[in-house]
Amino acid sequence: MIAERWITLLTLAGFLAIPLWALAVDEPFTITLATRAAILALAAVGLNIALGIGGMVSLGHAAFFGLGGYAMGILAFHAQSFQPLDLGLFTIEGTKSMPVIWLTAIAVSALAAWLIGLLSLRTTGVYFIMITLAFGQMFFYFAISWGTYGGEDGLSIYVRNSFPGLNTLVPIQFFAICFVALCAALFFQWRLRASPFGLALNAARQSEARVATVGLSPKRLKLLAFVISGAITGLAGALFADLNRFVSPTMFSWQLSGELIILIIIGGVGRLAGPVIGAALFVALEHWLGGLTDFWHVWLGLILLLIVLFARGGIVGLLTGKAGPHV
Amino acid sequence: MKTILAAAATAALLASSAAAEVKVGMITTLSGGGAGLGIDVRDGFMLAIKQSGRDDIEVVIEDDQRKPDIAVQLADKMIQSEKVDVLTGIIWSNLAMAVVPAATAQGKFYLSPNAGPSPLAGKGCHPNYFNVAWQNDNLHEAAGAYANTAGYGNSFILAPNYPAGTDALTGYKRFFEGEIANELYTELGQTDYAAEIAQIRASGADSVYFFLPGGMGISFLKQYADSGVDLPVVGPAFSFDQGILQAVGAAALGVVNTSQWNKDIDNPTNAAFVESFQAEYGRLPSLYASQGFDTANLLISAVDAADVSDADAFREALRAANFASTRGDFAFGPNHHPVQTIYAREVVQEGEVFTNKTLGVALENHSDAYAAECKM
Amino acid sequence: MSEPILSTRGLSKSFGALKAASDITLDLKPGEIHAVIGPNGAGKSTLIGLISGTLAPDDGQVALAGQDVTSLGPEDRAKAGLGRTFQISALAMEDTVLENALLGAVGATRQARRLFSPVQRDTALTERAMTALTRVGLDKVKDTRCAELSHGQRRQLEVAVALTLAPKAFVMDEPMAGLGAEGSKTMTGFLDTLRAEAPILLVEHDMDAVFALADRVSVMVYGKLIATGTVDEIRASRDVQDAYLGSDA
Amino acid sequence: MSTILIFEQVLNGLQFGIMLFLMAAGLTLIFGVMGLINLAHGSLYMVGAFAAAWVAGATGSFVFALIAALAAAAAAGALVEIVVIRRLYRAAHLDQVLATFALILIFSEGTRWVFGSFPLFLDIPETLSGPVTLPGGIEYPRYRLTLIGIGIAVALGLWWLTARTRIGIQIRAGENDREMIAALGVDISKLYTLVFALGAALAGLAGALVGAIQSVQVGMGEPVLILAFVVIVIGGIGSIRGAFIGALLVGLTDTLGGIFLPEVFKLFMETGAATQTGSALASMAVYILMSAVLIWRPTGLFGARG
């Protein structure tokens, strides 16, 4: 059996090697696929902090993904149409600068996560799953009928936003940005998990009473984790929008929330490498099976079933021989 | 980097000196809900390619699952890896909005076999974007015009609450001269229309216009037919195409709908198309199939006239639209959207099969409302 | 006479028609072990819940070190100085022994907002945790996952986590359960020394331990306190004999 | 707006709610007894509709179609329980979510493989078609009245089953304590298969009944599934009574919200914007309802406390 640390490092090395190989043999689309996987992995890393460490099964994380996406879409839309965004009290100029967009995405989704978390954490278990779903759906329907930014048609941004010193239109450079963001998030999660906060949060998932008994509020721990989680998923949303140069309400859909959960389960709940392996595998399957047959969903379903039935703890669980945290 | 570029240039030279190879990327919906439309477009398109007997047109087909992000990803793949010259196939407006601006900005041609969102016809038009089907408002405008000729004076209109729905009702109102009894936006994907039908019953309208694509339309028509409300219904062809009619059944009989194509439109191309499509696939063609077929024939005509590597010449060849369309006369307006006749047709039963019969012309040589905004 | 550290006044709690606790008034003085005994279903667990803040009383007050804590939740009562152990172990079962003790140290020092520095590298916190583990004799199994501990070891760990809090008063729910004769003896000896640090409110079934340890004993039956006194007084009480010891022991 | 119209809309809301109840009852029963989150419940609804459409097409009989729907959904349910679900009772909720999601993929694309990509035809039987005139002059479709009747009959049947029969006692015991019921000598795995098949049959029945007035197509189950989850969460998971109340609440909120919210907005906005804003809010209405209920009562209206 393999130690988890090695799995994480090997996964990341593989994640880096494939696009570099693709660059060498001039397969730019493979780089795009790897970028997509990296961004989905980043979103799932965000969710994994809430779900894997804090035990909060959120079926509403698409809300943060979408908010990040629309933060990008709206700012870039106002930049490309040269009309400032009118917020009533004051106006904001649009921008095409990625760092500014990212900060906005993080701030907006963190704020939303704080509000949603505050209300949702009154509930637990399946009720928590469903109330987060409800908030996600509210955003979804709002985005569909909000004509100013395209409604269901979404918003197209014609040129990818810029990052100082890089040409983001070159696939490998944009991949580099996303990969660094993913590594940073993983490093953050690793430190977080080992910190006093991570210790307390992990204990709160297992026994709220225990945490309360040592004088800590499980709700407050979970709320902070939910905010951090939402912020990371929001950042991923902004990157995803930039990858596609397009945002639409599908980023808010419950199917996307479900997909993020599934990525994590495939890889391994609460494991550092879990979302990364899950996303890579999912994107690869989608691409490869989709090319084989129109009915590839059947085969995808069968593969997922096999993973649940025979690889408890996901791929990482299978490799390390340990079931991992119980949610 | 330099060597790669050079290699690409050499490859391009080689390709153009050989028989003018054209690579076409088709992104369409082949799985999940709405797959029927994509399959029809694909089948119509491939039928035309097959009939042309050419081997210099290569078509790469991919399934977008009706998800915008997948469509964008596939477009990237076709442009970056497959190095296609022409893209086509997208069914849904929101997917087209995601793909088309970026693709044309990268110098690719896009031929739309179905979606025609208004931004791409107006301010966002592009010299490399050609719509072979219709601008989204067209069939609704024709329905408004038909309602005038049918003598309706007070319409109850409804559509789902999303951009295409708003466009639909706007399009109808643009041509309809009577009163609007009520204007209703339903939920996207709604399946139960009892509440709306009750409102129709109470509204005092003399006609109903609805735009509810796919399963929504099936549900509405079945429930409407059973409700005992007997106001005449008008709709665009989307809820009455060949794939859907069998699922609606007798509930659709007699409903008038507007379409730029029908299988009984009298011209040799169309007759041959209907016959060969049935022979090839064992089912009647739908308007989506006819659009796919026309798109392929437009492409073939342009490939015959110009080399795709000479973008300006190829664009001119496309603009000329020098091909025999299943709709009869076909020409592009200044914004590369069709100027075409739109018909009113009625749902009839032929033996066991439900299908449409052309009643007459609803709008003659109709362009669209956005052409003036297009600057190119 | 010294002020009590912990006291309840007229605590009552009903679940529907069932009066699980009615008018409970007791106190815990510095340096003493005050045992609460009673048959199953007497309401002892309800009493612990009311004192530790997991249950809200219908009536009555709880005071800790002179402060009224009735309206506070369990985490705030812990902050106010209450160290509690559970009857059914409530530990982070997937975590190691050391991690559970560290949690206590983190809670006691209010450091849960530190997001970025590894807790195991913090010498102050680990020392605090290890000291507690050493005192209950769990230092040798510090890297064992809780789920793999015996019942008795879990009890000891519960006590160790409470120790890391350095509380003003302990409330212990059956710390002897599952320990076996030998373990019971060790634990009894340990609790005997612990009373000098902080008084203990001890709910316990093990009568030998109760009679060996307790300075005072309260007897609870059907949600009511029927007697409070020294061990000898309780042994001699006719009421207690009738209601409890007579039938049970 | 006339009283007749309002009354008719209330009937519509009731009918929608009662159909939701058929879905929600199975879902809540399966969760209550086995603790299983079954995302594939919507697929069983679809199976029922497709079986009904296929049999109706072959035989022309709506009664046969309903029988086929019940049988096919129950069989599919039992099969799924025996092959997959049985291995998941002790698994984490998350594993159940992934497995039943996988089942959705298999059912949906499998159905498309067999029946093709176009919707199927299923019609209201001749005897039930057309409107009837109710007291007060309301014209209301006979079929929808029948649906209300069938739904109430099923609700009563379920109440009778759980409250008055031996199997109901076993089901209720199973909700409380898995070991206890096994100790009573009940074959627990048979009981679970039976409950799962019963829930599936109810979903299949709903699919067939609704399929006749809607469109029988792949993917028809998922929107209903989400609403059914909303229903059981509002009602309190595991409670049949809660599911019934929750279903009616959701049905009425959805129907009446869609009608009245745009009218409310027309009072202070211009018509076009009002209908759009109102409709947008109406599509969120059931979710707003659910979150409000959960914020007020974190375990639903009739859920177990604590």
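The values are calculated or read from the model by the stated rules, or taken from the named source; none is laboratory data. For clarity, every value in this text was computed on a predicted model and none was experimentally measured. In this analysis, Cβ positions are derived from the backbone assuming ideal geometry, glycine residues included, and neighbour counts consider all displayed protein chains.
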- Message: Among the numbered criteria (1) at pLDDT 90 or above; (2) more than 14 Å from chain D (Cβ to nearest Cβ), which one does residue A:135 miss?
- Response: (2)
- Among the residues listed as A:280, A:236, A:225, A:204, the single one being closer than 30 Å to residue A:149 by Cβ and touching a residue at least 12 places away in the same chain (Cβ under 8 Å): A:236
- Query: With D:202, D:225 as the choices, which residue is within 24 Å of residue D:86 (Cβ to Cβ) and within 14 Å of chain B (Cβ to nearest Cβ)?
  - Reply: D:225
- Hits in region B:312-346 (condition: more than 13 Å from residue B:366 (Cα to Cα), in contact with a Leu (Cβ under 7 Å, 6 or more places away or on another chain) and not in a loop (DSSP other than H, G, I, E, B)): B:318, B:344, B:345, B:346
- Task: For residue A:245, indicate whether it is among the basic types (Lys, Arg) and within 13 Å of chain D (Cβ to nearest Cβ).
- Result: no
- Residues A:306, A:318: which one is more than 10 Å from chain D (Cβ to nearest Cβ) and out of contact with any helix residue (DSSP H, G or I) (no Cβ under 6 Å at 6 or more places or on another chain)? A:318
- Query: If you take the residues of region C:42-60 that are within 11 Å of chain A (Cβ to nearest Cβ) and surrounded by fewer than 21 Cβ atoms within 10 Å (Cβ to Cβ), which of them is nearest to the chain's Cα centre (by Cα)?
  - Reply: C:49
- Over region A:158-173, the set of residues aliphatic (A, V, I, L, M), more than 26 Å from residue B:124 (Cα to Cα) and without any contact (Cβ under 8 Å) to a residue 24 or more places away in the chain is A:166
- Among B:98, B:147, which is more than 14 Å from chain A (Cβ to nearest Cβ) and not aromatic (Phe, Trp, Tyr)? B:147
- Only one residue in C:92, C:101, C:63, C:105 is more than 13 Å from the chain's Cα centre (by Cα) and away from chain A (no Cβ under 12 Å). Which one? C:63
- Task: Taking the options B:32, B:36, name whichever one is under 30 Å from residue B:239 (Cα atoms), at the interface with chain A (Cβ under 9 Å from one of its Cβ atoms) and either assigned to a strand (DSSP E or B) or at pLDDT below 90 (or both).
- Result: B:32
- Message: Looking at region C:1-30 only, could you name the residues that are in contact with a strand residue (DSSP E or B) (Cβ under 8 Å, 6 or more places away or on another chain) and assigned to a loop (DSSP other than H, G, I, E, B)?
- Response: C:4, C:5
- Query: Could you say which residue among D:108, D:117 is touching a Gly at 6+ places or on another chain (Cβ under 9 Å), outside any helix (DSSP H, G or I), surrounded by 21 or more Cβ atoms within 10 Å (Cβ to Cβ) and touching a residue at least 60 places away in the same chain (Cβ under 8 Å)?
  - Reply: D:117
- Considering each of A:41, A:24 in turn, give the residue that is touching a residue at least 60 places away in the same chain (Cβ under 8 Å) and either crowded, with 24+ Cβ neighbours inside 10 Å or within 23 Å of residue B:78 (Cα to Cα) (or both). A:41
- Task: From (1) under 23 Å from residue B:330 (Cβ atoms); (2) surrounded by fewer than 24 Cβ atoms within 10 Å (Cβ to Cβ); (3) among the hydrophobic types (A, V, I, L, M, F, W, C), pick out the condition that doesn't hold for residue B:105.
- Result: (1)
- Item | Unmet requirement for residue B:128, which otherwise passes all of (1) more than 10 Å from every other protein chain (Cβ to nearest Cβ); (2) out of contact with any Lys or Arg (no Cβ under 8 Å at 6 or more places or on another chain) | (2)
- Message: I'm checking my understanding of the structure. Among residues of region B:55-66 that are of a type in the set (D, E, K, R) and outside any loop (DSSP other than H, G, I, E, B), which one is surrounded by the most Cβ atoms within 10 Å (Cβ to Cβ)?
- Response: B:63
- Task: Would you check which residues across region C:73-94 are surrounded by 22 or more Cβ atoms within 10 Å (Cβ to Cβ) and either closer than 14 Å to residue A:195 by Cα or of a type in the set (S, T, N, Q) (or both) and list them?
- Result: C:85
- In region D:120-145, residues that are outside any helix (DSSP H, G or I) and on the phi < 0 side of the Ramachandran plot total 16
- Note on the structure: In the set B:154, B:148, the lone residue that is surrounded by fewer than 21 Cβ atoms within 10 Å (Cβ to Cβ) and under 25 Å from the mean Cα position of the chain (by Cα) is B:148
- Selected residue [assigned to a loop (DSSP other than H, G, I, E, B), within 11 Å of another protein chain (Cβ to nearest Cβ) and of a type in the set (Asp, Glu)] from B:266, B:230: B:230
- Task: Sort through A:234, A:291 and tell me the only one that's surrounded by fewer than 24 Cβ atoms within 10 Å (Cβ to Cβ), more than 22 Å from residue A:7 (Cα to Cα), more than 14 Å from chain D (Cβ to nearest Cβ) and out of contact with any Cys (no Cβ under 9 Å at 6 or more places or on another chain).
- Result: A:291
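To keep it simple, each residue is scored yes or no on (1) at the interface with chain B (Cβ under 10 Å from one of its Cβ atoms); (2) surrounded by fewer than 21 Cβ atoms within 10 Å (Cβ to Cβ); (3) assigned to a loop (DSSP other than H, G, I, E, B); (4) not hydroxyl-bearing (Ser, Thr, Tyr).
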position	(1), (2), (3), (4)
D:245	no, yes, no, yes
D:249	no, no, no, yes
D:269	no, yes, yes, yes
D:283	yes, no, no, no
D:288	no, yes, no, yes
D:304	no, yes, yes, yes
- Item | Conditions (1) part of a helix (DSSP H, G or I); (2) away from chain B (no Cβ under 13 Å): number failed by residue D:10 | (2)
- Query: Looking at region C:142-151, is at least one residue in contact with a helix residue (DSSP H, G or I) (Cβ under 8 Å, 6 or more places away or on another chain), surrounded by fewer than 15 Cβ atoms within 10 Å (Cβ to Cβ), in the same structural domain as residue C:35 (by TED's automatic domain parsing) and without any contact (Cβ under 8 Å) to a residue 60 or more places away in the chain?
  - Reply: no
- Task: Consider residue A:262 carefully, then state whether it is away from chain C (no Cβ under 14 Å), part of a helix (DSSP H, G or I), modelled with pLDDT under 95 and crowded, with 24+ Cβ neighbours inside 10 Å.
- Result: no
- In region B:196-212, which residues are without any contact (Cβ under 8 Å) to a residue 40 or more places away in the chain and under 30 Å from the mean Cα position of the chain (by Cα)? B:196, B:197
- Query: Any residue in region B:46-54 that is under 14 Å from residue B:29 (Cβ atoms), more than 9 Å from chain A (Cβ to nearest Cβ), under 17 Å from the mean Cα position of the chain (by Cα) and part of a helix (DSSP H, G or I)?
  - Reply: no
